[in-house]
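Here the structure is laid out as structure tokens; the discussion comes afterwards.
The values are calculated or read from the model by the stated rules, or taken from the named source; none is laboratory data. Note that the structure is a prediction, hence the values are computed from the model and not measured. When we count neighbours, we look across all protein chains shown, and the Cβ atoms used for this are built from the backbone with ideal geometry, even at glycine. What goes into the accessible areas is simple: the full protein's heavy atoms, side chains included, and nothing from ligands, DNA or RNA. Shrake-Rupley method; radii C 1.70, N 1.55, O 1.52, S 1.80 Å.
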Amino acid sequence: MNAIAPASKPALSPRELLALATVEERLLWLASWTIHNANHLRPNRDGLKVGGHQASCASMTSLMTALYFKALRPQDRVAVKPHASPVFHGAQYLFGRQTRDQLERFRGLGGAQSYPSRTKDKDDVDFSTGSVGLGVAVTAFASLVQDYLAARGRVPTESMGRMIALLGDAELDEGNIYEALIEAYKHDLRNIWWIVDYNRQSLDATTSERMWDRFDDIFETVGWDVLTLKYGKRQLEAFAKPGGQSLQAWIETCPNDLYAALSYQGGAAWRERLLQDLPTEGQNLVGNYDDAVLSNLMTQLGGHCLETLVEAFEQAALDDRPKLFIAYTVKGWRLPFQGHKDNHSGLMTPTQIDALRQSIGVPEGQEWEALAGLSPAHEAEVRALIAQAPFQADVKRRFNPAPVTIPDAFEVPSGEQQATQAAFGKILADIAKTESDFAARIVTTSPDVTVSTNLGGFVNRRGLFSRTATKDVFKDRKIASPQIWTGSGAGQHIELGIAENNLFLNLAAFGLAGEHFGERLFPIGTLYDPFIARGLDALNYAIYQNARFLVVSTPSGLTLGPEGGAHQSINTPLIGMGQPGLTHWEPAFADELALLLRHSFVDLQEETGGCHYFRLSTRLLSQPARPNNSWQAGALQGAYWLIPPSPGAELALIYCGALAPEALAGSEALKEDYPGMGVLAVTSPDLLHRGWTAAGRARWTGGPRLASHIEQLLSPLHARAGLITLLDGSPSALSWVGSVLGHRVRALGVEQFGQTGDLPDLYRTYRLDCEAILDAAADLHF
Ligand SMILES: Cc1ncc(C[n+]2csc(CCOP(=O)(O)OP(=O)(O)O)c2C)c(N)n1
Ligand SMILES: [Mg+2]
């Protein structure tokens, strides 16, 4: 543990301290009142508890006061503990950046969100939070982005900020934090502060004390400075008095649950217990305090001592090494349920909030007036403190960089037989050869599957990113290898260890580079398709905050053949369909991929655009001869007729991705029985479905009466035609097409775990082959 060196002069003058303490009180008040208003005063129409976390807010109010009103600079970025959202909005309100209307509508439609949200909140949220642990870890990757841009001279050294996470101590149980910690160490990251609200309570209860000093070891091992803020100044003063050492010794050995319980019970209970446990000198010390003072003394831990906090932040700012602050706090500090183990969702009663209002001196009826009830002189000092906060400087914090020009078309890789995975590698390698601004802004990243997902060509040309230059020893020693593994500040590939959470958090951070740093980057993450599930929450998290990136996952489905069931993805098309803000593409052919990739890069930059997910395959497919480009418009909308049906055709095969050959074989086998039958190439079940539901919604909400793309595609078929859908994944991704115009459907797909095998065996066993198509056709024929 790093002891805090005594400051040569106090970080705060007595007047400043007084003003800051008022800010702290008013923040406590605003957060409590915002939650109270939502739960007790606003009309409740559905009987649901609105909720909010007054205890978790109170625990962090001092920390956020010291941070936002003294330490924070505009270039710093903060991920706020999700359930401290009311404190965040309260701070923004004090800064004049949040409206009363938003606070009054906290947790209501269009109001301030339960958990800070970049996209839904109206004030300046740097990182969304909510799923604990992810907001913490994303700050490490944001610091990587900053280093990446700084190495290119795009973030001047003097403008570099700190990437800060304010976190609950129970968040430290989330494994993704340690995955990020390892990656942060490997990349020698800096300018990261993680500030732990160490109240030793989680949602359910008090937390295990066996972790007390373990966190120090864990973080110090990976190069962090650990600053433990255990005691407040008043406590340290008491410890220096006769008997004080025994009091300190008692606190050091007091179990979490007892400390919390006594904090709840208050002065008399503290006294009773301390008199029982302390030697005479300690008892005498305790005898000097009345109950109220004793209760305050015992609970004014380091994380509630503004002087301690401001000094710690000042000291930490002297260098850029990563810092972990362990700030001891009391959950529910100064509220009637402080320390109670069940206080996580506790709400003050009207009587209790009224007592708090009176104790803070907020006049009745002026609850939303942030500084009401202060003397004019003091109010002026508080206003001056707020106005002079470094964070208040008029510096732009959210950027909207101009779109980067994307080439009109990507060259289609040549070859009669191609797999989409290899084609992806070639397209990117071709882009890497060009000198365009676009090529310079691509950043690839992968959790140890760079080579096996075919990013190698791009990396060979563009290099690995590393703040310090690294050599490829194998290359230098002239040992033959297709991969060059050289790192420098100019590199454009971020190699990650095997941790899919880190992949998606890295994509989140790089996908926000435009808004955070004013520099548009095009992040592309690659992984094996089944392992999306490992990082799914982080993927959702990244998209929720409107980061923009591409995910390329390969190989996928049963089609990976001998790799077997443990590597086989089944439900990923449904993940793509079910995930807002992410478009799933599953092209079969190289020319489709080139078209769709380009389209995705354009869309990444659109205000209403989003992220894109390419589910690719290692299966070699014969490429179609294209008489013209008429297929392209449909492919961009999710499907086109590879073999157009004749009007009134009674059967259509609807396939997606790598199963194109089976669909074509099926059509060959069936065309005599079903003259004019069509084969529909689906490039995106997701987009088709979205278009269909959107058109329906538009019709029944008075919008334009447009037919969706899939309605138009299916309209030439006979009203009683049968549809056979075919996809290497859950069949439900396509079976819905029968509802579009009321056609009958037989849906082929995978509904069981796979196993090793070659493709003929696997397709036969899992009923994805021509035989299965014929059976399905026979079943439809009645
Ligand atoms: C991934 C995830 N799991 C569970 C939750 C529900 N949850 C919200 S806060 C919390 C723990 C709170 O403890 P701590 O982080 O110590 O914060 P405190 O309220 O004590 O300040 C839990 C389990 C969540 N938000 N995210
Ligand atoms: Mg806690």
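Contact map, the stretch 281-306: first residue in contact (Cβ under 8 Å) with a residue 12 or more places away in the chain, second residue acidic (Asp, Glu), Cβ cut-off under 7 Å, separation 6 or more or different chains; pairs are Gly303/Asp197; Leu306/Glu24. Can you pull out the residues in the stretch 102-139 that are open to solvent by 30 Å² or more (accessible area, probe 1.4 Å), touching a Ser or Thr at 6+ places or on another chain (Cβ under 7 Å) and within 12 Å of ligand 1 (Cβ to nearest atom)? Once the filter is applied, which keeps residues that are open to solvent by 30 Å² or more (accessible area, probe 1.4 Å), touching a Ser or Thr at 6+ places or on another chain (Cβ under 7 Å) and within 12 Å of ligand 1 (Cβ to nearest atom), the stretch 102-139 yields Ser114, Tyr115.
Among the residues in the stretch 425-439, are any surrounded by 13 or more Cβ atoms within 10 Å (Cβ to Cβ), in contact with an Asp or Glu (Cβ under 8 Å, 6 or more places away or on another chain) and not in a helix (DSSP H, G or I)? Taking every residue of the stretch 425-439 in turn, none turns out to be surrounded by 13 or more Cβ atoms within 10 Å (Cβ to Cβ), in contact with an Asp or Glu (Cβ under 8 Å, 6 or more places away or on another chain) and not in a helix (DSSP H, G or I). Looking across Gly518, Gly514, one residue alone is over 22 Å from Gly133 (Cα atoms) and open to solvent by less than 20 Å² (accessible area, probe 1.4 Å). It is Gly514.
Filtered by the rule that a residue be open to solvent by 30 Å² or more (accessible area, probe 1.4 Å) and among the charged types (D, E, K, R), the stretch 686-726 gives Arg690, Arg697, Arg699, Arg705, Arg720. Of all the listed residues (Ala249, Ala260, Ala238), the sole one being within 16 Å of ligand 2 (Cβ to nearest atom) and over 27 Å from the mean Cα position of the chain (by Cα) is Ala260.
Identify, from the list Thr65, Thr22, Thr34, the residue that is away from ligand 2 (no atom under 16 Å from the Cβ), in contact (Cβ under 8 Å) with a residue 60 or more places away in the chain and open to solvent by 10 Å² or more (accessible area, probe 1.4 Å). Working first, answer last.
Details: Thr65 fails: open to solvent by 10 Å² or more (accessible area, probe 1.4 Å); Thr34 fails: open to solvent by 10 Å² or more (accessible area, probe 1.4 Å).
Going through Thr65, Thr22, Thr34 in turn, the sole match is Thr22.
Within the stretch 484-495, track down each residue that is of a type in the set (A, V, I, L, M), open to solvent by less than 20 Å² (accessible area, probe 1.4 Å) and farther than 14 Å from Asp188 by Cβ. Reasoning before the result, please.
Initially, the stretch 484-495 is screened for residues of a type in the set (A, V, I, L, M), giving 484, 490, 494.
With open to solvent by less than 20 Å² (accessible area, probe 1.4 Å) added as a condition, the list becomes 494.
Matches in the stretch 484-495: none.
Residues of the stretch 560-604 that are touching a Leu at 6+ places or on another chain (Cβ under 7 Å) and of a type outside the set (A, V, I, L, M): Gly561, His567, Gln568, Pro573, Gly576, Thr583, Trp585, Pro587, Phe589, His599, Ser600. Could you tell me whether Leu664 is without any contact (Cβ under 8 Å) to a residue 40 or more places away in the chain, touching a strand residue (DSSP E or B) at 6+ places or on another chain (Cβ under 7 Å) and in a helix (DSSP H, G or I)? Yes; evaluated as a whole, the condition is true for this residue.
Between Tyr185, Tyr178, Tyr231, the distinction of being more than 16 Å from ligand 1 (Cβ to nearest atom) and closer than 27 Å to Phe504 by Cβ belongs to Tyr185 only.
Pairing residues of the stretch 186-209 that are among the hydrophobic types (A, V, I, L, M, F, W, C) and more than 9 Å from ligand 2 (Cβ to nearest atom) with residues that are part of a strand (DSSP E or B) and open to solvent by less than 30 Å² (accessible area, probe 1.4 Å), at Cβ distances under 6 Å and at least 6 apart in sequence or on separate chains, gives Ile192/Met163; Trp193/Ile164; Trp193/Lys323; Trp194/Ala165; Trp194/Leu324; Ile195/Leu166; Ile195/Phe325.
In the stretch 501-534, what count of residues is obtained for those that are part of a helix (DSSP H, G or I), of a type in the set (Gly, Ala, Ser) and within 22 Å of Leu428 (Cβ to Cβ)?
To start, the set of residues in the stretch 501-534 that are part of a helix (DSSP H, G or I) comprises 501-510, 513-517, 529-534.
In the following step, the residues that additionally are of a type in the set (Gly, Ala, Ser) were identified as 508-509, 513-514, 533.
After this cut, where a residue has to be within 22 Å of Leu428 (Cβ to Cβ) as well, the list is 508-509, 513-514.
Residues that pass the stated criteria total 4.
In the set Ala327, Ala312, Ala370, Ala380, only one residue is small (Gly, Ala, Ser), touching a residue at least 40 places away in the same chain (Cβ under 8 Å) and over 30 Å from Lys49 (Cβ atoms); that residue is Ala312.
Of everything in the stretch 76-126 that's among the aromatic types (Phe, Trp, Tyr) and in a loop (DSSP other than H, G, I, E, B), which residue is nearest to Ala165 (Cα to Cα)?
Narrowing the stretch 76-126 to residues among the aromatic types (Phe, Trp, Tyr): 88, 93, 95, 106, 115.
Going one step further and asking which of them are in a loop (DSSP other than H, G, I, E, B), we end up with 95, 106, 115.
Details: Phe95: 20, Phe106: 23, Tyr115: 14 Å.
Residue satisfying both the conditions and the ranking: Tyr115.
Candidates are the residues of the stretch 226-241 that are free of Cβ contacts under 8 Å to residues at least 24 places away in the same chain and not aliphatic (A, V, I, L, M); the one that is surrounded by the fewest Cβ atoms within 10 Å (Cβ to Cβ) is Glu237. Can you name every residue in the stretch 540-569 that is among the aliphatic types (A, V, I, L, M) and under 12 Å from Leu503 (Cα atoms)? Those that are among the aliphatic types (A, V, I, L, M) and under 12 Å from Leu503 (Cα atoms): Ala542, Leu550, Val551, Val552. Of all residues in the stretch 169-183, those that are within 22 Å of Gly303 (Cα to Cα) have Cβ atoms under 6 Å from Cβ atoms of residues that are at pLDDT below 95 and within 16 Å of ligand 2 (Cβ to nearest atom), 6 or more apart or on another chain, in Ala170/Ser202.
Are any residues in the stretch 379-398 farther than 15 Å from Pro74 by Cβ and surrounded by fewer than 15 Cβ atoms within 10 Å (Cβ to Cβ), and if so, which ones? If the condition is that a residue be farther than 15 Å from Pro74 by Cβ and surrounded by fewer than 15 Cβ atoms within 10 Å (Cβ to Cβ), then Ala380, Ala384 are the ones that fit. Exactly one residue among Ser375, Ser414 is closer than 29 Å to Phe589 by Cβ and without any contact (Cβ under 8 Å) to a residue 24 or more places away in the chain, and that residue is Ser414.
The set of residues in the stretch 154-180 that are crowded, with 18+ Cβ neighbours inside 10 Å, away from ligand 2 (no atom under 16 Å from the Cβ) and either over 24 Å from Leu464 (Cβ atoms) or under 12 Å from the mean Cα position of the chain (by Cα) (or both) comprises Gly161, Arg162, Ile164, Asn176.
Ile218 passes all but one of (1) open to solvent by less than 40 Å² (accessible area, probe 1.4 Å); (2) more than 9 Å from ligand 1 (Cβ to nearest atom); (3) not small (Gly, Ala, Ser); which number fails? Among (1) open to solvent by less than 40 Å² (accessible area, probe 1.4 Å); (2) more than 9 Å from ligand 1 (Cβ to nearest atom); (3) not small (Gly, Ala, Ser), the lone unmet condition for Ile218 is (1).
Yes or no, residue by residue, for (1) open to solvent by 10 Å² or more (accessible area, probe 1.4 Å); (2) free of Cβ contacts under 8 Å to residues at least 24 places away in the same chain; (3) within 16 Å of ligand 2 (Cβ to nearest atom):
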| site | (1), (2), (3) |
| --- | --- |
| Ala316 | no, no, no |
| Asp320 | yes, no, no |
| Gly339 | no, no, yes |
| Pro350 | yes, no, no |
| Ala355 | yes, yes, no |
| Pro363 | yes, yes, no |
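For the stretch 242-259, state whether one or more residues are touching a residue at least 12 places away in the same chain (Cβ under 8 Å), within 16 Å of ligand 1 (Cβ to nearest atom) and surrounded by fewer than 17 Cβ atoms within 10 Å (Cβ to Cβ). Yes, the stretch 242-259 contains at least one residue that is touching a residue at least 12 places away in the same chain (Cβ under 8 Å), within 16 Å of ligand 1 (Cβ to nearest atom) and surrounded by fewer than 17 Cβ atoms within 10 Å (Cβ to Cβ). Residues that are of a type in the set (Gly, Ala, Ser) and either away from ligand 1 (no atom under 12 Å from the Cβ) or part of a helix (DSSP H, G or I) (or both) within the stretch 29-63 comprise Ala31, Ser32, Ala38, Gly47, Ala55, Ser56, Ala58, Ser59, Ser62, listed in sequence order.
The condition of being open to solvent by 10 Å² or more (accessible area, probe 1.4 Å) and within 16 Å of ligand 2 (Cβ to nearest atom) does not hold for Ala151. Do you know which of the residues in the stretch 637-674 that are under 19 Å from Leu597 (Cα atoms) and crowded, with 20+ Cβ neighbours inside 10 Å is nearest to the chain's Cα centre (by Cα)? Checking each candidate, the answer is Gly638.
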